[in-house]
1. What spacing in nm lies between the two simple spin-label points modelled at T471 and D613, each 7 Å away from Cα in the Cβ direction?
2. Which semi-axes, in whole Å and largest first, does the equivalent ellipsoid of region 350-408 have when worked out from the alpha carbon gyration tensor as the square roots of 5 times its eigenvalues?
3. So what is the diffusion coefficient of region 504-641 in µm² per second by Stokes-Einstein at 20 °C and 1.002 mPa s, using a Kirkwood Rh over Cα pairs?
4. For region 352-462, with every protein chain kept in place, what is the accessible area per residue (1.4 Å probe, Å²)?
5. Sorted by mean Cβ packing within 10 Å, highest first, what order do the peptides 537-545, 325-333 take?
6. Limiting things to C-alpha atoms, what are the Rg and the maximum Cα-Cα separation (Dmax) for region 374-465, in angstroms?
7. Give me the one-decimal nm value for the distance between modelled label points at L48 and E411, 7 Å along each residue's Cα-to-Cβ direction.
8. Please report the carbon-and-sulfur percent of the accessible area for region 615-661; probe 1.4 Å, protein heavy atoms only, DNA, RNA and ligands left out.
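The values are calculated or read from the model by the stated rules, or taken from the named source; none is laboratory data. The structure presented is a predicted model; accordingly, all values stated were derived computationally and were not measured. No Cβ is skipped: glycine too gets one built from the backbone with ideal geometry, and neighbour counts run over all protein chains shown. Ligands, DNA and RNA are stripped out before the accessible areas are found, and what is left, the full protein with its side chains, is counted by its heavy atoms. Shrake-Rupley method; radii C 1.70, N 1.55, O 1.52, S 1.80 Å.
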Amino acid sequence: MYPPARKDFISLTLSDPHGHNYNNGKHRRQSCWRKWKQLSRLQRSLILLLLALLLIVGLLSYPSISQQWGGASDRDDWLELTDRELNAAPPAVKPVLGLDAAKALAPMPVPHLGPADVPDTVAEPKGPIIPILAKPPIKLFVYPQKKTITNKRGPPSTKKDGNASDVVAGENPEQVVVHEEEEGGEDEDKEKKIVSWRGAMIEAEQATEPPPSAAEKDAAAPPADPAATVPPEVSTGKVDRLEAVRDAFRHAWKGYKDHAWGHDELKPISKSFGEWFGLGLTLIDSLDTMWILGLKEEFEEAKNWVEKELTFNKNVDVNLFETTIRVLGGLLSTYHLSGDQLFLDKAKDLGSRLMPAFKTPSKIPFSDVNIGKGTAHPPRWTSDSTLAEVTSIQLEFRELSRLTQEPQYQEVVDEVMKLVHKLPGKHDGLVPMFINTNSGQFSHKGVFTLGARADSYYEYLLKQWLQGGKTEDDLLEDYLQAVEGVKKHLVKQTGPGRLTFVGELSHGRFNAKMDHLVCFLPGTLALGAHNGLPGDHMDLAVQLIETCHQMYTQMETGLSPEIAHFSLQASDGRDVVVKPADRHNLLRPETVESLFYMYRFTNDTKYRDWGWDILQSFNKYTKVPDGGYTSINNVRDPLNPGPRDKMESFFLGETLKYLYLLFSDDPELLSLDKYIFNTEAHPLPIWRSTPK
Ligand code: DMJ
């Protein structure tokens, strides 16, 4: 007999399918060790080699993993939770310019202009050769609407503000019931000023300036001659683009009025509304647009709601940044335009209720504040705040201090800027996307973008410097350094068509990706160049606005995606690549905003034509027949753009306002030498001299 041949083998232990005897960990560990010992040396070596390889691959991929965690996914969270873009919220529409409004829009303080304000000569566009995709013949897309009418409302709203911490951007239309406290008829005691449409403008000098002592120092300009502001298009009967914008606003407003009156946002397909803070966001964001467009009746109705219905004395968490730029900014600018004390009173009430956000160990404000309880807190998952949010509330708080002569508002936001100015961790002026409210230090370092979470930091550096009369050197220094950082690290050109774009940097790696949000940058760069900053800022602005334009024209609907990727290789065929998750359009304003600045500073009519094309595309693919505009899911599918059933307040507050100003022939209609626009397009006056 021969003994059985020796064989390597692995014993297998089959589990009891019911698991009764399968929870003995010690037994399993011993069994594993036995199995390991039973392996041949070759088998063990191979397994060890494989494990080592896995470890190395894991370590090498760490930066991209951490980028995704700290960048893209967080950005998505941000968009959902604060900007609420990705959750489908269409921006609101802006109407066209009104003669009466144009006439009325005069009396602001004369800005103190120095030599630096002489506009630079505008460089000719570089004119890269860009392949433009042929658009298929397209028909007007008509959105079906649900027949069921829910929450149908019309002004005046008799219902108290519903509210919700509607962090998912109106996806959940249910309102959270909140307790509203007795107000004691605060408005009743106020002097009831009868503000005439035109008269208020003419008298705005008295009404919109600080109390007499300060007002005396800030001598206001004489009212503009109303006749000088009549838009030639209107008077000559040429194609009336201004009236087209006005029509768009009226259409958007109709939907809001019919189905969402007094609520935050219209859901135009379902004919209902979404609530975010319960503060009538769309209505307040739209006030100054209506004034500028000359929509008197609409303005009076909305003002009546503000007077009778708007209250901040409610137990609700609001986002500090969003509430500041949309509501505080909207009230302040409307006060300046109309001269109606009502809007300043409301702004003061809101401003004081936002102040608890600044009570943090570092003085970097929390993201959220309960305006009824006077408490504040960071988001549930972190003690960080978003950098753009804490550095893009300054224009509004500073103006509130100037108007009220109460320094605390300016003090808290200036402190934030001082801290950020001194903070280590910047990369040639570029800032990380987060800052910790306990330590006051940057967090999630290593990702640098001009898009979501950082964008308006750069915008407000320049605009605060302009607002304060170009005297605050730290702001200018930070802005100039940042633009150099952008040029050095983020600006690249595409391979096929030599399109200039601003990408992102993630732990040393360049990502050829640009949010539509970045299209604010050409306008800001042009504004800086107009105010004496280097001429190459204007060169870059000219190139970038061309790219933003291409982000629209290369899409089949003529509308830009939320995010574009760019091809770096000449052989790649097309410049702009859109990933499936980025194909939506939320009716955002940034490109038309920049077109407005570019036209004002160059008088090149191509910028108007580009804006006109965008308005027509909005009308083709986002207009809902019975009223309102909707964000869409797919800018590449003209046959089924996919309505998202949401109209964001910034469509009315920004997009339509900038289109109107773009088409207006009157450079004195909100002159860029007298006003700065906050990041929600609400114009605030440039100070003749710094306060203090
Ligand atoms: C607006 O609320 C503001 O323009 C903000 O700065 C960025 N997001 C939206 C518009 O896209």
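1. 4.5
2. Numbers: eigenvalues 87, 36, 16 Å².
Working through the eigenvalues yields semi-axes of 21, 13, 9 Å.
3. Approximately 136 µm²/s, per Stokes-Einstein.
4. Accessible area per residue: 31 Å².
5. 325-333, 537-545
6. 13.5, 40
7. With each label point 7 Å from Cα toward Cβ, the separation is 6.7 nm.
8. Carbon and sulfur together cover 43 percent of it.
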